[in-house]
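Just below is one structure, and these are the notes that go with it.
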There are 2 protein chains.
Amino acid sequence: MSPRRPDRRSEEAAKAVVQAAMELCREVGYRKLSIEGIAARAGVGKNTIYRWWPSKAAVLLDGLLTTWRTDATFPDTGDFVADIKTQMAAASRILGDPDVFPHYRALIGEAQHDPEIHRALWDSFIGHLAGAAADRIRIAQREGQVRADADPDLVTELLYGAAYYRRLLTPRTADTDHINAIVDLAFTGLAPPAE
Amino acid sequence: MSPRRPDRRSEEAAKAVVQAAMELCREVGYRKLSIEGIAARAGVGKNTIYRWWPSKAAVLLDGLLTTWRTDATFPDTGDFVADIKTQMAAASRILGDPDVFPHYRALIGEAQHDPEIHRALWDSFIGHLAGAAADRIRIAQREGQVRADADPDLVTELLYGAAYYRRLLTPRTADTDHINAIVDLAFTGLAPPAE
């Protein structure tokens, strides 16, 4: 999704566009965000934007990646349960940031109508994080902290899925307690303890 | 979200509107769906639609509820693992229906921008199903098939969250094998088996 920008002046214009899109999205909401509005705020022409990005969603995705500054390196203190709780709580805190979540959920919403955004969101962001999580899970499996027969991708779906479900679909509060409860329940499992 | 309709003629007009919206959404996609288009296809005036529904998303939600005919009664054969797999696989099959999923994911997308649709989707649909799942989980807990200290709502988030995560966010295939794998992993848990 990243645009090609040949020189420093273009670099600055691109930065202004992304920043304008993030600010405007916060101010007027995703629905009322327009390429015209972004262009006016950034002081560039509409065509400049269209030369680099196919849609307002694509601009926002670049903005989100910049803001989030995702460091997909997982903590590895040797204690997987503690590390996954740390990472998920950090991700959840960033997600809860009013400068991030409205933009991010708008992009997830957009991805449900637009296969290109869906792919870009996965490739540049969600799948990137999920891949880092799966790598950390493989280490935990080698160290005997996660059962060896579990599919690492499925483990990420189970853990992150519960967090996304609550945030995107329910009216419930998403907080660190919820993250900890997800990880604890996923670890003990639903089966009753053996007699 | 359901409109008040005083007489049989209105009842038929409302039915025509909902059917037109579902057909058009399938044909042109959610983005190009318009109240004008729905009105033309249904043979009613735009104002008739706006009298009953606040938005195209609200019309679609009624259509989805009609199509889905959600019977939120969970199977109860006495085997919770088998029953939850049956229910989740059935829900997943309906979700995978090309006449349902594009509409449903469009509504989920819309819910990310529109708090009213978010609430309506939860109250009339997702929360309704989640509540039925939680009730079945409580029975399983009383029967000793699910650990008694697990929060039933959290259990539903863990199980359904993984299914939604895959369908909404990843490019991976969602099928019955995936449903079975989610339930099995959630039951055994991530912790390695005791020595």
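Nothing in this text is a laboratory measurement; each read-out follows from the coordinates by a stated rule. All figures in this text were calculated on a predicted structure; none of them were measured in a lab. Neighbour counts run over all protein chains shown; Cβ positions are idealised from the backbone, glycine included.
Points to keep in mind about this one:
- Across chain B, Cα pairs under 8 Å and at least six residues apart give a relative contact order of 18 percent.
- Linear extension gain, B:Ile94 paired with B:Ala148, 0.36 nm per residue minus alpha-carbon span: 16.3 nm
- Residue order, fewest to most surrounding Cβ atoms within 10 angstrom, among A:Tyr104, A:Tyr50: A:Tyr50, A:Tyr104
- The amide H of A:Val146, built 1.01 Å from its N in the peptide plane, has A:Gln141 as neighbours under 5 Å, considering only residues 5 or more places off or on other chains.
- Residues in the range A:107-114 carry Karplus couplings, in order, of 5, 4, x, 4, 4, 6, 9, 10 Hz; the curve used is 6.51 cos²θ - 1.76 cosθ + 1.60 with θ = phi - 60°, and Gly or Pro positions show x.
- As a calculated quantity, the FRET efficiency between B:Asp123 and A:Lys46 at R0 = 41 Å, using C-beta atoms, amounts to about 0.50.
- Principal-axis tilt of helix A:176-188 within chain A, Cα atoms, nearest 10 degrees: 40
- For q = 0.10, 0.12, 0.14 Å⁻¹, Debye-computed log10 I/I(0) when each Cα of the protein assembly as shown counts as one equal scatterer: -0.72, -1.00, -1.26
- For the pair A:Glu11 and A:Ser34, the difference between a 0.36 nm per residue extended length and the Cα-Cα distance amounts to 6.2 nm.
- Most fluctuating residue given options A:Thr73, A:Thr173, A:Thr48, as computed from a GNM of chain A linking Cα atoms under 10 Å: A:Thr173
- The range B:123-141-the range A:131-180 distance, computed between alpha-carbon centres (Å): 22
- A P(r) calculated from all alpha carbon pairs of the range B:1-116, with 5 Å bins opening at zero, reads 2, 11, 20, 20, 17, 12, 8, 6, 3, 1, 0 percent.
- Using the Cβ-Cβ distance between B:Glu27 and B:Ala194 with R0 = 45 Å, the FRET efficiency computed as 1/(1 + (r/R0)^6) comes to roughly 0.20.
- D (Stokes-Einstein, µm²/s), Kirkwood Cα radius, the range A:117-180, 1.567 mPa s at 4 °C: 99
- Annotation: average projected area of the range B:8-56 is 2.9 square nanometres, based on the convex hull of Cα atoms across all directions.
- For chain B, convex hull of alpha carbons as volume per residue, Å³: 139
- 222 nm mean residue ellipticity, helices alone, for chain B (DSSP H n ≥ 4; -39,500 (n - 2.57); rounded to 500): -21500 deg cm²/dmol
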